[in-house]
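Worksheet: one structure, shown below.
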Amino acid sequence: MEQGQDIQTFLKNAETISMVDVRTPAEYAQGHIPTAYNIPLFSNEERKKVGTTYKRSGQKDAIIRGLEFAGPKMKELALQASGIASNNQLLLHCWRGGMRSANMAWLFKTVGLESLVLEGGYKSFRRYVLSFLDDDFPFVVIGGLTGAGKTDALRGLEERGEQVADLEKLAHHKGSAFGSLGEKTQCTNEQFENDIFWQLNGLDKTRTIWVEDESRTIGKNTLPAGTYMNIRSAPVVFLDISFSDRVDRLVRDYAGFPKEDLIGAVLKIRPRLGNQIAQFAIDAIKEENYSKTAELVLNYYDKTYRYGLGKRDQNLVFNLPVADSPCPAEMAAQILEFAKQNGITG
């Protein structure tokens, strides 16, 4: 018999044992446990046909139909599992810890692999994730107007050994109309939540966790309600950087992208910029006057960010003047010293 494991034991074992998700590629793409390999028992279409057979003819016929699909693939499935096993052990799960995981555990056992099966399957993992993300975390927020270098600050803090949760990196989006440029396609929101959990679960909740100030949405992804409220109620180190330095940073970060992509980003916020300002920004892109475009766009983003900042508890907003656009390491050093002096961190 395969060994059933509760979610906490299963995740602890995932630190040293390879994990196999036997659900279909479509289920896996919708959301999966980070680091899990997908070795599907059925293809998307096969699972659909098995489900149809179950509804029309019952369990017995559905099992026989499933065997028709799985039988020819048994050798390949066993070889894939053997190739990733850790000391002849595998962590294994399907959707609910039912027949798919039981059948695959039996198959793997025939080639000498012990399967540690997640009780309740991926469904139990999702319940655990959503509960975990409702917890309180010791966040300190890096704030600042667009172009202030908040992401660079996070990078510098991480390089100094600080705990960082880079939500924009997990979302594959930099959080503005221009945020998708140079990024991978965003994952589903379910996977975004799983990835946030995976990062936070690996951190020490007795130490500060640095995050960037975010809206509830990052591109097409939405932060879990608990995580967002945690960020909104946390202390903010506001990076006060000059307008000209912020323009220079935006030009440095975005001017290298194709003009049509930059124009497309401006068009996304055209209703908020107004037709005239949006056209001025587009004309500046065509003329390669990227500083002018940045200035026009910043006027919009600054108003939006200041509005959100104004709704925070102002006793928790700490203004840190930053001059001369320091490198990430220098910015991190300033932030850590400032946070210590103001009692934000120990």
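No lab work stands behind these numbers, since they all come straight from the coordinates. Just so we're clear, the structure is a prediction, and the values are computed from it rather than from any experiment. All Cβ positions, even for glycine, are placed from backbone atoms using ideal geometry, and neighbour counts span all protein chains on display.
Think of the stretch 249-303 as having a plus end and a minus end, set by charges on the Cβ of Lys, Arg, Asp and Glu; of Val297, Ala281, Ile263, Val297 sits farthest toward the positive end of this dipole.
Axis of helix 121-132 versus longest Cα principal axis of the chain: the two differ by about 30°, to the nearest ten degrees.
From its DSSP helices (H runs of at least four residues, each -39,500 (n - 2.57)), the chain gives a residue-normalised ellipticity at 222 nm of -16000 deg cm²/dmol. Amide H to amide H, with H built 1.01 Å from N, Glu114 comes under 5 Å of Gln89, Leu90, counting only residues 5 or more places away or on other chains. Each of Leu336, Leu262 was scored by other Cβ atoms within 10 Å of its Cβ. Listed from fewest to most, they are Leu336, Leu262. Matching the structure-derived Cα Rg over 2.2 N^0.38 Å against the labelled list (i) 1.13; (ii) 0.98; (iii) 1.22 gives the label (iii). Once the C-beta distance of Ser244 and Thr35 is scaled by a Förster radius of 30 Å, the resulting FRET efficiency is 0.10 to the nearest 0.05.
Taken over the Cα atoms of the stretch 3-130, the convex hull encloses 101 Å³ per residue.
Of all beta bridges that DSSP places with both ends in the stretch 136-341, some 10 percent have antiparallel geometry. Under a 5 Å amide H cut-off, with hydrogens placed 1.01 Å from N, Trp210 pairs with Val140, Gln163, Val164, Ala165 among residues at least 5 apart or on other chains. Taking 19 Å as the straight-line reach from the Cα of Lys55, the aspartates and glutamates in range (excluding those fewer than 8 positions away in the same chain) are Glu45, Glu46, Glu68.
For a paramagnetic label modelled on Asp324 (point 7 Å from Cα along Cα→Cβ), amide N atoms under 17 Å away are absent within the stretch 136-177. Using the alpha-carbon positions of the stretch 148-278, Rg (one decimal) and Dmax (whole number) come out as 16.0, 51 Å. Applying the Karplus relation 6.51 cos²θ - 1.76 cosθ + 1.60 with θ = phi - 60° to the stretch 48-64 yields 3J(HN,Hα) values of 4, 5, 5, x, 5, 4, 4, 5, 8, 10, x, 5, 4, 5, 5, 5, 4 Hz, where x marks Gly and Pro. Charges were assigned to the Cβ only: +1 to each Lys and Arg, -1 to each Asp and Glu. The resulting dipole of the chain about its Cα centre is roughly 1420 debye. Computed from the C-beta positions of Asp134 and Glu287, the FRET efficiency with R₀ = 41 Å rounds to 0.25. The label point for Lys303 and the one for Gln3, both projected 7 Å from the Cα toward the Cβ, are 6.2 nm apart. If you plug the beta carbon distance of Thr185 and Lys60 into 1/(1 + (r/R0)^6) with R0 = 35 Å, you get a FRET efficiency near 0.25.
Here's how it looks for Asp240: its modeled amide H is under 5 Å from those of Leu320, Val322, which are all 5 or more places away or on a different chain.
Sequence-ordered 3J(HN,Hα) estimates for the stretch 173-183 from the Karplus curve with 6.51, -1.76 and 1.60 and θ = phi - 60° stand at 7, 8, x, 9, 4, 8, x, 7, 5, x, 10 Hz, glycine and proline given as x.
Of the beta bridges in the chain, as assigned by DSSP with both residues counted there, near 10 percent are antiparallel. For the stretch 3-130, the share of DSSP beta bridges that are antiparallel, to the nearest 5, is 10%. Computed 3J(HN,Hα) for the stretch 198-205, one whole-Hz value per residue from the Karplus formula 6.51 cos²θ - 1.76 cosθ + 1.60 where θ = phi - 60°, is 4, 6, 5, 5, x, 9, 8, 6, glycine and proline marked x.
Working from Cα pairs under 8 Å separated by at least six residues, relative contact order for the chain is 18 percent. In the structure shown, do any of Lys268/Lys292; Lys49/Lys75; Lys123/Lys174 have a Cα-Cα gap over 27 Å, and if so which? Beyond 27 Å: Lys123/Lys174. Take the Kirkwood radius over Cα pairs of the stretch 273-346, plug it into Stokes-Einstein at 10 °C and 1.306 mPa s, and you get 104 µm²/s for translational diffusion.
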